[in-house]
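Below you'll find the structure, written out as structure tokens, and then a few comments.
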Amino acid sequence: MKTLKIAIQKSGRLNEKSVELLKNCGLSFENYKSSLISPVSNFPLEILFLRDDDIPEYVQDGIADLGIVGENVIHETEVEISYLQKLGFGKCSLKIAVPNNSHIETLSELGGKSIATTYPVILGKFLKKHDITAEIRTISGSVEISPGLGLSDAICDLVSTGGTLKSNGLIPFADVMSSEAVLIGRKGSENEEPVKELIQRVQSVLRARETKYVVLNIHSDNLPAITKLLPGIKSPSVIPLAEEGWVAVHTVIPESDFWERISLLKQAGAQGIVVMPIEKIIL
Ligand code: ATP
Ligand code: ZN
């Protein structure tokens with residue numbers, strides 16, 4: 001089988017979660033130290049550790065078959081690649097922010113102003129869509145200090161908690177795009193066998209993260225009511241307990257409405273509820 005290459009960030013915000021995801025897929029490799037390439041010992045794959053900005057082009061050009069990178073970087077580099085799977089980490093938004101004391105209050109008031117950013121392509125498209133003519137100042141980092149230095153009237157930067165904006169006296173003003181880490185592939189790679197296998201592994205890990213394994217005890221009279229509350233993958237497993245008339249119910253519950261469901265289960269007579277994490281769900 002052909003050896004695939006997957007490019008991930010070598011250090012920074014996406015590195016740890018990318019490595020963790022690949023390890024949870026059962027791949028065995030050494031994390032980045034000084035070498036740029038790390039072979040996987042139990043799958044035909046090599047990990048390339050790169051700066052995130054280079055990943056989309058490496059994948060487009062076929063130097064890597066796959067990559068893990070933020071959607072923001074993909075849009076900024078305007079590459080032709082296949083989106084394979086959103087990964088649920090590295091969530092952030094690209095926002096325009098202005099100083100607290102700014103008089104800019106509506107989008108159209110950005111007209112004629114200067115905006116500092118490391119995302120000139122995305123910002124340019126956004127301004128064009130809203131018919132705004134503003135000066136885009138492309139800088140390579142520390143965007144948030146530019147209004148304070150008198151370099152720009154506003155900024156367009158990535159925000160997750162908003163703490164950095166706040167500590168620089170800036171307030172978010174408009175949402176340009178939201179982003180998360182995604183698995184990307186060279187165009188057409190999704191039809192290749194080892195890529196398909198890897199996508200399946202990634203999806204089984206993600207599915208497991210979204211669900212919990214739940215075991216509860218219930219009097220069999222209450223079983224129909226409980227079963228109605230449980231989604232499960234097919235239907236729950238029901239196992240008799242040593243105590244006459246009681247059963248244990250095993251099932252999986254989505255993380256999204258977990259507490260609501262648990263409270264309904266309790267109301268329906270569930271006792272001794274045990275909740276466990278799931279490692280993988282293979283359908
Ligand atoms: P590199 O050295 O690889 O070029 P970088 O400095 O460009 O790293 P990081 O700051 O590590 O990049 O961010 C990597 C990605 O993490 C971003 O492109 C974005 O998708 C995501 N991200 C999530 N939250 C944030 C945030 N608050 N600020 C910046 N990026 C974030
Ligand atoms: Zn970068």
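Across the chain, the relative contact order, built from alpha-carbon pairs under 8 Å that are at least six residues apart, equals 19 percent.
Quick check for me: using +1 on Lys/Arg Cβ and -1 on Asp/Glu Cβ, what's the dipole size of region 92-179 about its Cα centre, in debye to the nearest 20?
My answer is approximately 180 debye.
Relative to the current alpha-carbon distance between K266 and V121, full extension at 0.36 nm per residue lengthens the span by 47.0 nm. What does the charge count around K2 come to, taking other residues whose C-beta lies under 15 Å from its C-beta (Lys +1, Arg +1, Asp -1, Glu -1)? Taking every Cβ under 15 Å from that of K2, the sum is -3. If you sort the three axes of the alpha carbon gyration tensor as a ≥ b ≥ c, you get a/c under 1.5 for region 92-179, which makes it rounded. Of F173, Q267, I132, which is farthest towards the positive pole of the chain's charge dipole, taken about the Cα centre with +1 and -1 on the beta-carbons of Lys, Arg and Asp, Glu respectively? The listed residue farthest towards the positive side: Q267. Neighbours of N24, meaning other residues whose beta-carbon lies under 14 angstrom from its beta-carbon, give a summed charge of +2 when Lys and Arg score +1 and Asp and Glu score -1. For the peptides 239-246, 52-59, 173-180, the ranking by packing is 52-59, 173-180, 239-246, with the highest mean count of neighbouring Cβ atoms within 10 Å listed first.
Taken about its Cα centre, the chain carries a charge dipole of roughly 340 debye when the Cβ of each Lys and Arg holds +1 and the Cβ of each Asp and Glu holds -1.
Packing around the peptides 275-281, 198-204, 66-72, 163-169, taken as the average count of other Cβ atoms within 10 Å per residue, puts them in this order, highest first: 66-72, 198-204, 163-169, 275-281.
Assuming a ≥ b ≥ c are the square roots of the Cα gyration tensor eigenvalues, decide whether the chain counts as rounded (a/c under 1.5), prolate (otherwise, with a/b larger than b/c) or oblate. Oblate, because a/c is 1.5 or more while a/b does not exceed b/c. For the chain, the mean residue ellipticity at 222 nm estimated from helices alone is -7000 deg cm²/dmol, where every DSSP H run of n ≥ 4 contributes -39500 (n - 2.57) and the total is divided by all residues, rounded to the nearest 500.
Assuming charge only on the beta carbon of Lys and Arg (+1) and of Asp and Glu (-1), the dipole of region 1-117 about its Cα centre is about 440 debye to the nearest 20. Cα centroids of region 203-225 and region 4-65: 34 Å apart. In region 92-179, taking the dipole from charged Cβ atoms about the Cα centre, the farthest positive-side position among Y119, T164, N100 is held by Y119. For K212, a cut-off of 13 angstrom between C-alpha atoms picks up these aspartates and glutamates, skipping any fewer than 8 places away in its own chain: E255, D257, E279.
No lab work stands behind these numbers, since they all come straight from the coordinates. Keep in mind that what you see is a predicted model, and the values were worked out from it rather than measured. Heads up, the Cβs are rebuilt from the backbone with ideal geometry, glycines too, and the neighbour counts pull from every protein chain shown.
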